[in-house]
Amino acid sequence: MSSANQILQRVTHRPWPLPQRPWRWSQSWKDLLFWHWAVPAKALRSHVPSCLEIDTKDGMAWVSAVAFHMARVRPRGLPPLPPVSNFLELNLRTYVRLDNKPGVLFLSIHASKRLAVQVAKWFSPLPYSYARMDCSRGEGRYRFQCEAANPMAKLVFDARYEPNSQMFAAGRDSLDEWLLERYCLYVGNRSGGLIRAEVHHDQWPVQDVDVEITSNSLGRPFGLVLSPSPDRAHFSSGVNALAWPFELLAVRPVLAGRSQ
């Protein structure tokens with residue numbers, strides 16, 4: 001995988017310039033499976049801060065589940081600390097925008113190490129929680145399993161998947177590009193403010209993938225029924241990513257009619 005300096009030299013795929021200030025965190029995202037579902041924007045409105053516009057493609061909002069191995073997480077200038085820098089993650093996200101910067105909003109994030117979850121809560125406002133997870137691979141086929149440690153949470157996820165195409169990059173203005181090439185994230189804070197963090201990585205190298213989902217309750221806390229057959233899916237061997245510090249934004253309410 002590429003070094004930070006190499007990643008910073010490759011920017012032609014970005015929709016806006018790199019931030020001027022130094023990046024804060026480096027991490028590797030490995031063996032990612034993206035499942036995507038189209039949903040009505042109004043189904044998400046109560047779960048998205050009012051100052052954010054729900055981003056849509058061809059009239060539909062989207063949510064995506066992403067399962068992967070988070071590796072070599074480290075702050076700038078320091079080495080990774082293995083007890084907290086390598087773990088499995090499963091998140092559910094949707095797509096939003098503010099000031100012509102399209103990004104993602106995480107509805108939930110689960111990680112497989114309790115200590116990593118605690119550290120994430122100390123250093124970020126992201127909605128991390130602990131869950132038992134396992135990812136196995138045999139003869140090119142993966143299986144990802146996740147179950148909440150708290151039975152009351154009733155989180156169960158179980159999927160098998162296998163890449164089935166040559167690697168490709170998303171085409172310009174395609175649905176694939178719209179879903180994958182997002183270079184910031186948004187999160188609301190407890191006082192009603194909005195926080196943004198910029199990220200950078202190479203353009204996603206992806207493959208089409210055969211998917212079999214046998215259990216999936218990720219959408220249940222948000223009133224979303226996610227079909228066992230997602231509308232789109234991608235596999236990626238991964239990228240190295242850089243993340244900038246979280247910044248508190250001066251925000252305004254979304255105007256009526258801009259999102260549903």
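The values are calculated or read from the model by the stated rules, or taken from the named source; none is laboratory data. The model shown is predicted, which means the values in this text are computed figures rather than measured ones. Here the Cβ positions follow ideal geometry from the backbone for every residue, glycine too, while neighbour counts run over all protein chains shown. Accessible surface areas use protein heavy atoms only, side chains included; no ligands, DNA or RNA. Shrake-Rupley method; radii C 1.70, N 1.55, O 1.52, S 1.80 Å.
For the range 27-34, backbone phi angles converted through the Karplus equation (6.51, -1.76, 1.60; θ = phi - 60°) give residue-by-residue couplings of 7, 10, 10, 10, 6, 8, 10, 10 Hz, Gly and Pro being listed as x.
Taking square-rooted eigenvalues a ≥ b ≥ c of the alpha carbon gyration tensor, is the chain rounded, prolate or oblate, where a/c under 1.5 means rounded and, failing that, a/b exceeding b/c means prolate? Rounded is the answer for the chain, as its axis ratio a/c remains below 1.5. Label-to-label distance for E212 and N164 is 1.2 nm, based on points extended 7 Å past Cα in the beta-carbon direction. Summary of the geometry: the range 81-158 and the range 189-204, compared by the centres of their Cα atoms, lie 16 Å apart. Of all lysines in the structure, those lying under 22 Å Cα to Cα from K57, and not within fewer than 8 positions of it along the same chain, are K42, K101.
Bridgeable lysines around K30 (alpha carbons under 25 Å apart, same-chain partners fewer than 8 residues away excluded): K113, K121. Here the Karplus curve 6.51 cos²θ - 1.76 cosθ + 1.60, taken at θ = phi - 60°, turns the phi angles of the range 80-89 into couplings of x, 10, x, x, 10, 9, 9, 6, 8, 9 Hz, with x standing for Gly and Pro.
Which trypsin sites (Lys or Arg not before Pro) in the range 132-230 pass both tests, a DSSP loop state and at most 15 other beta-carbon atoms within 10 Å?
Answer in residue order: K154, R172, R190.
Which value results when the Cα radius of gyration for the range 123-260 is divided by 2.2 N^0.38 Å?
Working: Rg = 17.8 Å, N = 138, 2.2 N^0.38 = 14.3 Å.
Dividing the Cα Rg of the range 123-260 by 2.2 N^0.38 Å gives 1.24.
Kirkwood radius, the range 9-115, all distinct C-alpha pairs, inverse of mean reciprocal distance: 16.0 Å. Phi-derived couplings, Karplus 6.51 cos²θ - 1.76 cosθ + 1.60 at θ = phi - 60°, listed residue by residue for the range 195-207: 10, 10, 10, 8, 9, 8, 6, 5, 4, 5, x, 10, 9 Hz, with x used for Gly and Pro. How large a share of the accessible area of the chain, in percent, is made up of carbon and sulfur atoms when the probe is 1.4 Å and the other protein chains stay in place? C and S fraction of accessible area: 51 percent.
Bridging of K154 to aspartates and glutamates at a Cα separation below 20 Å is possible for E89, D134, once same-chain residues fewer than 8 apart are set aside. Put K121, K30 in order of accessible area, highest first, and with a 1.4 Å probe you get K121, K30. With both residues required to sit in the chain, DSSP beta bridges show an antiparallel share near 95%. When the GluC sites (Glu not before Pro) in the range 51-143 are filtered for DSSP coil states and for at most 11 other beta-carbon atoms within 10 Å of their beta-carbon, the remaining sites are E139.
Please state the relative contact order of the chain as a whole percent: Cα pairs under 8 Å, 6+ residues apart? Value for the chain: 24 percent.
Amide H to amide H, with H built 1.01 Å from N, G238 comes under 5 Å of D31, L32, counting only residues 5 or more places away or on other chains.
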